[in-house]
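Asker: Dumping the structure here so I can ask a few things about it.
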Amino acid sequence: MPVRKHGQRWQVRVAIGGGKRVEQTLPRGATRTDAVALETAIRRAQIDAAAGRDQRYTLDQAIDQWLPTAQRLKSWPKDLRYRVDVLRDYSVGKPLEAITEVAREFTNVGLGAGYSAAHINRHLAILRRVGRLAHGWGWLNRLPSIEMLTGEKQRHVYLTPAQVRKLLRHTDPLTGDMILFLALTGLRRGEMLRLTPDNIRGNLIVLDSTNKSGRPRTVPMPPEAARIARRRLPFRMGVPLFNKRFRAARAAAGLPHVHAHDLRHTFASWLVQAGESISSVRDLLGHSSSAVTDRYAHLAPRHLVDAIAKLPRVRGSKRA
């Protein structure tokens, strides 16, 4: 049978000739109607291919094509895989050309259920990524337009050098060095904990493509961070122990609202306040676009504002 129920989930099995067979299992909550729609889409793709027509792909096929890359990301086991499962409820049986409509449907349902803009945008980001990849593969003739929701709240917690020193005074030497290293390099906690001496080239940290952005990058170290790297790498501490010691340090320092990831934001804020460009900060943090880094733009130093104020008046105080 091409459509059958296996346990609590529907399965589709379609023979495509030459002994080959396509088999897909639908997510929990999918109905027999969803399974039949998926079977129809798979058979239509085979008929189009046999007739020499441009092959039409399904949204699920595009997601499946992207999965091997997604599964290598650090966020896959704890977060991304569950968001993909949620999207499967909306993508099943849908042609790839309907990706924009699927995004709109998910947004409307999410807003109706009271989900935050941040929650909805995390799922829309997956659809946007898949759509852009599919366009690059030649599966879509046009780049899909998927609009993210506005109003997403960003976390703006930036520490002063004095506050960082206060954290260091309330923890052990190793944890203190790790806290300072994060603040001076802008690395993510996981990136720091994976470092070995092989990642160091003089005063440079060389990261491969296994980081969150999936792109290699090089981060110069200031002298203090370089000394810590030479003395401490590899940091022989796991995430649970580091988190426990960081929480104890922030409580003792009277900074209970501070997160370890705020040290990365602090690194960026210090650079921007020192006059560095957003593009430089973007490259050091490993962001894929300046849109992510623009959150720090409001920290531009006062002397830049003062410099603009010195521009001459062209028309004077009254309109000509």
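The values are calculated or read from the model by the stated rules, or taken from the named source; none is laboratory data. Keep in mind that this is a model prediction, so the values were computed, not measured. Because the Cβ atoms are built from the backbone with ideal geometry, glycine has one as well, and the counts that use them run over all protein chains shown.
Asker: Of 110, 93, which residue is surrounded by 17 or more Cβ atoms within 10 Å (Cβ to Cβ), at pLDDT below 90 and not in a strand (DSSP E or B)?
Answerer: 93
Asker: Being at pLDDT 80 or above and surrounded by 15 or more Cβ atoms within 10 Å (Cβ to Cβ) is true for just one of 38, 26, 73. Which residue is that?
Answerer: On the way: 38 fails: at pLDDT 80 or above; 26 fails: at pLDDT 80 or above.
Step by step, each of 38, 26, 73 is checked, and only 73 is at pLDDT 80 or above and surrounded by 15 or more Cβ atoms within 10 Å (Cβ to Cβ).
Asker: When you look at residue 171, is it polar (S, T, N, Q) and within 18 Å of residue 252 (Cβ to Cβ), yes or no?
Answerer: On the way: polar (S, T, N, Q): yes; within 18 Å of residue 252 (Cβ to Cβ): yes.
So residue 171 fits the description; yes.
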